[in-house]
């Protein structure tokens, strides 16, 4: 009989397995075989990692060290071997036993190995110095097993002499962990004691001898925590023993094995005993009742050994033909999600709910103790929100289900009263009042109503293994090779999808898609079961859940991953422990762990959101993501490139080479030009020229030809674009270079006969010169040439030529603009991005600078040529081209510049400031008030700029000086910089008046002085000025920034404090005695005076506030309040006068600590003062803050202008003040 | 070619003129000079009068003159007075612009100040090796924010005019835009001018102060400006730069006072005009936000 809930995870085929050990951390198991081999398996992957073959004959015992990369083995060759699995070698051998070694174990902390042997001894070895340190004799037959106690200095051993012995080894530990410094006497005593050991064995003494087995005992084990021992013997019995400090006795016997019991152990976490025997069974016993819980039988293999994983719920048993690794029960907690609630069954078999939004677990609602067998957890849970009922299935008793109504309120683990039950393997709700029950044995699905009576019966396809909800009125029938969508009403198959081995089905929240999970595959299908995508995982897939946006998140044994509809997938995060996902919301993944506890894991959904946005072409979303998060670099880039979005990838790349490639790929010439300029390599120019030509962007073509010094092509380009001017210049250059061919060509292009004739004459080709002149009808000149050359007309044979052709001219002056044949490449995305960037006001401008951003101040900048052409003579003209003898590198720059120069005004330095800086102050200096305001609005929610006008003006006018220049001309405006040494136009920035230092020593001090001098109105003004100075400013470092923020905070607090006091004074018209005022006014006055003490002021100033409040309260018989202020004052002030007064007040108040008027002030409560209403905001009550100065307000003030800074909008979304570039 | 060249007899007069020492120019004794230099000297004197704001005297003095040079100067004076003489200037330029330097300079100034920058540049480019024209071209380029072109122009002038004062000055103007080490070089040039008796003037002192201000040497800048105020307390540029300095120092009260002074002296000074413009922009930009006040 195979137990339904024993789950085999791994099986190996080999010869008889005699020893097994789990690695404490890795998914490894060591198996020692009868054939002398030791195998190391990865049971998760099912692979054999290594083999160790040095023993001669069977290896019976094996154990991993807990922390070191070591293991120990003992075999029939009498040897104990210690191995390193890293170096894969036997490190050394411990010799000493005189017969087979049966078991070997490491001590959990000491460097000891415990061995038992057929030589009737138990020995302890020190593996560090490789010595035998103790030999325990006493058993008078083979000792079959000996184990250390997991915590105490005890050993338990089992022998074929039918006894189990418990040994006390505390003496041995003492001896081996004694302090190193010993007196001579100690040493003497010690050496004497050692002597005694040899004979008297005081190191290890027998504590108890347990007799009860009628045959030899094969195995014995301690309980991990309780004083219990379990043993298994050839009498086929498993015996449970208990021990106290002084005695040990037999508790009970587990009867059931019908052959020798080979090994046994306690379940590490549950009250269970596991045993294996030669009757080919694994048996599980209830520790408390000693009854059989379940058993598992193999057909042909006798079991020899069993081992438990120390941490996780895994066991391994060795048998005649190998090893099996198994779990006793499913660890997947049964659960169901409905809207914001998760219903799940705990390990105690209680139903609980969990609220995702509140992150709150309910108390237990129901106990399912009675469902199935107590040791078998329920398998599935199906929830019916209409009826608030659950349907639970359990694999116990061949499969059963129970329909239970949940109580209205969770009031504890009550036993359900009104339950309907039946047998079946799976049960799911299919409608509000119907559920389906599937029984595998008779291959039948029953549709039942809520009173549990069958309304319909369906014959599913042959071999159906499971059923799942399939959308309203439908079922998904799972067979080993396919999934069938079945319409219950129509009783027919709607669709079928061939997928192997589906185990779980997960519907998306909108019910449109379904994920079918099998062991190693995820298949996504539509609700009509049309396959959308499928993916394969080498690691086992455990669970899945859908994101609201249609991304599937699934968990494997060690990762959470995502899959898009198109099958793109990736890792979201790694997992330390296996979890079962139930829901994902934003950055939170909700899951149940193996202990059935709800957990929330944080994930970063950026990557898949981005990919999703890409797939959906949701550019806004992508933009948003790009702006707000730092996307992973290389992977995203290659992803984008692979997916054919080079233009988007371009946005992420910094490396110029890659940028160039991408730009070429997506046809973004601007960027390509920019990058080519940076890299300046002929190859790149070459490629750029080809690309630009294809685009029809002849201006870029022209530039690349110039860069490449490709004169011929350049000439032809000018010819074809009809740029006569430049063509003429090319002719001049050719002349200058002395390149006659080029000159000829250019002259041809220009139709310049004269030039050609001259050229021929220069190179003594008079006949050609003559012919040219002649054929163009220049008779006179022809004659001159003839004379000069001393020839006569007859000597030259004149071919008959027709009318000389004139070169073709483009009709339209195309050279003036490009005629793009390609659409420019800016995609919607790029446009959005650029548009956005503009809108932002160039906060990101430095990153997106286009080619227009050359160094405008540089000497090399575009330019001089036009001026030169207009005025200069020819020599100068050419000189501009710098075509001297050294027509080499340095010519390049001018060469290009000449061409790209244009007259007209440039951008002023102020414009550069705005371009160079993301700081509002720099934009103000640049005169770009609009963008400055935008920046302030985004950074600190500034909306009311009127108070900042002065500051704007100040900054603006501090940055422009007036330099008298030519007489009778207006003075020249120059721009004052704070980057005095800088000349790179991309780095220059304006001077911003009033640096942090001057503010800290100026306004901040002045404000505090005003506080001391009791000039509160002035103080408020000064502090407000400080706020206005700092809101538009720059600082040099992060450290200064935090100083600035501190100053802002301080100023805000002082303003608040002073305003409170000012309003109190206005209320009582500066009177100290207010007995004449109405009680409401009094109460308010008291409150205000108390609140005055709340803001964070500096020590002495706080004392002033306390002193004032104390005096005010005392005078007006608020003794309790006065007392609390007096106490606070005594605590904190160093001012003797204050202290003195406070003591007096305290003395007076303590006599009658009662307030005349009850006020809303609790000195012990944690609260802040609303800066608008001057009333307390207690911790936990809703509040909003000014994004700039942090002043707190009651929620109702949200959206209004902050009373403290008078600039920013309370509660506005803000990215935070930015003062450092 | 250039009557003001180092070899010329008007070198001192010319230097003083360009250092802004107008009174020295006006008081300059021109009796010993040659006949050929008479007209250029007169032009300088007249332009100095204009620079000192004595435009009406100039207009009266030149009302009957027909010499193109003097007509050009008169037009400049009239332009300074606020009369629209651009068309007259154009006509004059058409007739005499190709070879008469004074016409080129005055015409260039009028055109560029009237916003006809390209026209002005075209006219000035016809000069025959005049540093005055070069300086004017440099200034116009700087006003256009074409530092590159200005630098080129100055560089080329240095090739033929070597270390002339005007080349140095023009280079310094450019340097004041380029920044970095150029600030210091500009300072040296301006300081030399400002500290020599021949050329000390509010004009040159202000130039020195401005360069120091850009170098971040505020106390020195202030000293120079104070000195300039002693020479001429009504020189608008002194006051304008004083405003800048006090703003940087955070002296709000002084700043306001100085602004009132400037308003008196020259309400059309750029420092004031520009802020008036900017203020409107501020109000406009501010209007995009509608702050809600809690009552």
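The values are calculated or read from the model by the stated rules, or taken from the named source; none is laboratory data. Since the model is a prediction, treat every value here as computed from it, not as a measurement. Virtual Cβ from ideal backbone geometry, glycine too; neighbours counted across all protein chains shown.
Does residue A:1189 qualify as being more than 22 Å from residue A:1045 (Cβ to Cβ), in contact with a helix residue (DSSP H, G or I) (Cβ under 7 Å, 6 or more places away or on another chain) and not in a helix (DSSP H, G or I)?
no
Listed here are the residues, each with its yes/no results for (1) more than 12 Å from chain A (Cβ to nearest Cβ); (2) on the phi < 0 side of the Ramachandran plot; (3) surrounded by 19 or more Cβ atoms within 10 Å (Cβ to Cβ); (4) touching a residue at least 40 places away in the same chain (Cβ under 8 Å).
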position	(1), (2), (3), (4)
B:12	yes, yes, no, yes
B:17	no, yes, yes, no
B:33	yes, yes, no, no
B:41	yes, yes, yes, no
B:45	no, yes, yes, no
B:52	no, yes, no, no
B:57	yes, yes, no, no
B:65	yes, yes, no, no
B:82	yes, no, no, no
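Go through segment B:189-216 and count every residue that is closer than 28 Å to residue A:907 by Cα and either more than 9 Å from every other protein chain (Cβ to nearest Cβ) or within 16 Å of the chain's Cα centre (by Cα) (or both).
So the answer is 11.
I need a count of the residues in segment A:992-1014 that are touching a residue at least 24 places away in the same chain (Cβ under 8 Å) and at the interface with another protein chain (Cβ under 7 Å from one of its Cβ atoms).
Residues that pass the stated criteria total 2.
Any chance segment A:69-90 includes a residue that's in a strand (DSSP E or B) and without any contact (Cβ under 8 Å) to a residue 24 or more places away in the chain?
yes
Tell me, which helices (runs of 4 or more DSSP H) wholly within segment A:947-1012 include 3 or more residues that are under 30 Å from residue B:43 (Cβ atoms) and touching a helix residue (DSSP H, G or I) at 6+ places or on another chain (Cβ under 6 Å)?
The helices (runs of 4 or more DSSP H) meeting that bar number zero.
Against the conditions (1) out of contact with any helix residue (DSSP H, G or I) (no Cβ under 7 Å at 6 or more places or on another chain); (2) at negative phi; (3) not in a helix (DSSP H, G or I), where does residue A:1097 fall short? Just the number, please.
Of (1) out of contact with any helix residue (DSSP H, G or I) (no Cβ under 7 Å at 6 or more places or on another chain); (2) at negative phi; (3) not in a helix (DSSP H, G or I), only one is false for residue A:1097: (1).
Scan segment A:103-118 and tell me whether some residue there is more than 21 Å from residue A:242 (Cα to Cα) and over 56 Å from the mean Cα position of the chain (by Cα).
yes
If I filter segment A:48-58 for residues that are over 23 Å from residue A:97 (Cβ atoms), touching a strand residue (DSSP E or B) at 6+ places or on another chain (Cβ under 9 Å), touching a residue at least 40 places away in the same chain (Cβ under 8 Å) and surrounded by fewer than 17 Cβ atoms within 10 Å (Cβ to Cβ), do I get at least one hit?
Within segment A:48-58, none of the residues are over 23 Å from residue A:97 (Cβ atoms), touching a strand residue (DSSP E or B) at 6+ places or on another chain (Cβ under 9 Å), touching a residue at least 40 places away in the same chain (Cβ under 8 Å) and surrounded by fewer than 17 Cβ atoms within 10 Å (Cβ to Cβ).
To keep it simple, each residue is scored yes or no on (1) in a helix (DSSP H, G or I); (2) more than 16 Å from residue A:1105 (Cβ to Cβ); (3) free of Cβ contacts under 8 Å to residues at least 60 places away in the same chain; (4) in contact with a helix residue (DSSP H, G or I) (Cβ under 8 Å, 6 or more places away or on another chain).
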| site | (1), (2), (3), (4) |
| --- | --- |
| A:1048 | yes, yes, no, yes |
| A:1059 | yes, no, no, yes |
| A:1067 | yes, yes, yes, yes |
| A:1071 | no, yes, yes, no |
| A:1081 | yes, yes, yes, yes |
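Testing residue A:939 on (1) more than 7 Å from chain B (Cβ to nearest Cβ); (2) in a helix (DSSP H, G or I); (3) at pLDDT below 90; (4) surrounded by fewer than 21 Cβ atoms within 10 Å (Cβ to Cβ), one condition comes back false. Which one is that?
(4)
Condition first: assigned to a strand (DSSP E or B) and either without any contact (Cβ under 8 Å) to a residue 12 or more places away in the chain or more than 26 Å from residue A:950 (Cβ to Cβ) (or both). Now tell me which residues in segment A:1194-1221 satisfy that.
A:1194
In segment A:1021-1036, how many residues are over 15 Å from residue A:1207 (Cα atoms) and part of a helix (DSSP H, G or I)?
1
Working carefully through the options B:126, B:152, find the one that is at the interface with chain A (Cβ under 9 Å from one of its Cβ atoms) and closer than 21 Å to residue B:101 by Cβ.
The match here is B:126.
Those residues that are more than 7 Å from chain B (Cβ to nearest Cβ) and surrounded by fewer than 23 Cβ atoms within 10 Å (Cβ to Cβ), I need them from segment A:971-990; list them, please.
Within segment A:971-990, A:975, A:978, A:979, A:984, A:985, A:986, A:987, A:989 qualify.
So which of B:225, B:272, B:249 ends up being under 27 Å from residue A:989 (Cα atoms) and over 20 Å from the mean Cα position of the chain (by Cα)?
After applying the criteria, what remains is B:249.
So which of A:407, A:416 is surrounded by 18 or more Cβ atoms within 10 Å (Cβ to Cβ) and in a loop (DSSP other than H, G, I, E, B)?
Only one candidate passes the filter, namely A:416.
Return a yes/no flag: does segment B:86-95 have any residue that is crowded, with 21+ Cβ neighbours inside 10 Å, out of contact with any strand residue (DSSP E or B) (no Cβ under 6 Å at 6 or more places or on another chain), part of a helix (DSSP H, G or I) and at the interface with another protein chain (Cβ under 9 Å from one of its Cβ atoms).
No; the residues of segment B:86-95 include none that is crowded, with 21+ Cβ neighbours inside 10 Å, out of contact with any strand residue (DSSP E or B) (no Cβ under 6 Å at 6 or more places or on another chain), part of a helix (DSSP H, G or I) and at the interface with another protein chain (Cβ under 9 Å from one of its Cβ atoms).
Scan segment B:96-118 for residues that are without any contact (Cβ under 8 Å) to a residue 12 or more places away in the chain and in a helix (DSSP H, G or I) and jot them down.
If the condition is that a residue be without any contact (Cβ under 8 Å) to a residue 12 or more places away in the chain and in a helix (DSSP H, G or I), then B:118 is the only one that fits.
Take segment B:262-295 and flag every residue that is assigned to a helix (DSSP H, G or I), facing another protein chain (nearest Cβ under 10 Å) and closer than 10 Å to residue B:236 by Cβ.
Scanning segment B:262-295 gives B:270, B:271, B:272.
Please work out which one of (1) more than 7 Å from chain B (Cβ to nearest Cβ); (2) assigned to a helix (DSSP H, G or I); (3) surrounded by fewer than 20 Cβ atoms within 10 Å (Cβ to Cβ); (4) under 44 Å from the mean Cα position of the chain (by Cα) is the condition residue A:914 fails and give its number.
(3)
(1) closer than 18 Å to residue B:211 by Cα; (2) more than 7 Å from every other protein chain (Cβ to nearest Cβ): which one isn't true of residue B:134, the others all being true?
Of everything listed in (1) closer than 18 Å to residue B:211 by Cα; (2) more than 7 Å from every other protein chain (Cβ to nearest Cβ), residue B:134 misses just condition (1).
Would you please name the residue that is farthest from residue B:213 (Cα to Cα), looking only at residues in segment A:950-969 that are more than 7 Å from every other protein chain (Cβ to nearest Cβ) and either out of contact with any strand residue (DSSP E or B) (no Cβ under 8 Å at 6 or more places or on another chain) or in contact (Cβ under 8 Å) with a residue 60 or more places away in the chain (or both)?
Looking at the filtered set, the residue picked out is A:950.
Take the residues in segment B:228-253 that are in a helix (DSSP H, G or I) and free of Cβ contacts under 8 Å to residues at least 12 places away in the same chain, then tell me which one is nearest to the other protein chains (Cβ to nearest Cβ).
B:247
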